[in-house]
Amino acid sequence: MIGTDYSDHTYEMDYDQVVVNYGAMPLDELFFDLKPLSSNAGEVDQSALILRQVQEVS
């Protein structure tokens, strides 16, 4: 069973190989330094991103 720490979503099937990503510490200092300079305050429209559409800035 494959899952994520970010939701309850899981997926089950047979796999030949599994690559494990133990994660890393985010560069949140850089994000918060750049956030005030961005036009979207660091927000991402996930649905538009997945569909490769233009991000709407509110």
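Worth a mention:
- The stretch 1-10, residues that are surrounded by 10 or more Cβ atoms within 10 Å (Cβ to Cβ) and of a type outside the set (A, V, I, L, M): 3
- Residues located in the stretch 1-29, provided they are within 22 Å of residue 43 (Cα to Cα) and either among the charged types (D, E, K, R) or modelled with pLDDT of 85 or more (or both): 5, 7, 28, 29
- Residue 56 assigned to a loop (DSSP other than H, G, I, E, B) and either touching a residue at least 60 places away in the same chain (Cβ under 8 Å) or surrounded by 10 or more Cβ atoms within 10 Å (Cβ to Cβ) (or both): no
- Filtering the stretch 11-46 to residues that are surrounded by fewer than 10 Cβ atoms within 10 Å (Cβ to Cβ), more than 18 Å from the chain's Cα centre (by Cα) and under 24 Å from residue 57 (Cβ atoms) leaves 36, 37, 39.
- Taking each residue of the stretch 23-48 that is on the phi > 0 side of the Ramachandran plot and looking for partners that are surrounded by 10 or more Cβ atoms within 10 Å (Cβ to Cβ) and not in a loop (DSSP other than H, G, I, E, B) with beta-carbon atoms closer than 6 Å, six or more apart or interchain, yields 42/35.
The values are calculated or read from the model by the stated rules, or taken from the named source; none is laboratory data. This structure is a prediction, so every number in the text was calculated from the model and none was measured. Here Cβ is always computed from backbone atoms with ideal geometry, including for glycine, and neighbour counts include all displayed protein chains.
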